[in-house]
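Every number here is computed from the coordinates shown, using simple stated rules; none is lab data. A quick note: this is a predicted structure, and the numbers were derived from the prediction, not measured. Cβ: placed from backbone, ideal geometry, glycine included. Neighbour counts: every protein chain shown.
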């Protein structure tokens with residue numbers, strides 16, 4: 001399992017948190033996620049999902065992953 005923390009721009013309310021959490025949790029290989037306004041902490045199986053896939057899911061949900069995350 002791998003842990004990563006991503007900084008996410010554009011989140012401003014609980015609705016944003018739930019939208020990002022739903023998008024991340026829908027990916028296969030996600031063991032757990034903790035989503036707060038501006039931050040996503042994820043524990044995932046690298047054999048099932050890549051960090052880039054998690055970032056894409058966040059982007060597709062309408063938010064921007066800060067560079068250097």
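Quick notes on this structure:
- Number of the exception - residue 12 against (1) free of Cβ contacts under 8 Å to residues at least 40 places away in the same chain; (2) part of a loop (DSSP other than H, G, I, E, B); (3) surrounded by 13 or more Cβ atoms within 10 Å (Cβ to Cβ): (3)
- Among the residues making up region 15-24, those that are over 8 Å from the mean Cα position of the chain (by Cα) and either without any contact (Cβ under 8 Å) to a residue 40 or more places away in the chain or part of a strand (DSSP E or B) (or both) are 15, 17, 18, 22.
- Any hit, region 39-52, residues being in contact with a helix residue (DSSP H, G or I) (Cβ under 9 Å, 6 or more places away or on another chain) and loosely packed, with under 13 Cβ neighbours inside 10 Å: no
- Some residue of region 29-37 being in contact (Cβ under 8 Å) with a residue 12 or more places away in the chain, assigned to a loop (DSSP other than H, G, I, E, B) and surrounded by 14 or more Cβ atoms within 10 Å (Cβ to Cβ): yes
- Filtered residues of region 39-63 (kept if in contact with a strand residue (DSSP E or B) (Cβ under 6 Å, 6 or more places away or on another chain) and assigned to a loop (DSSP other than H, G, I, E, B)): 46, 63
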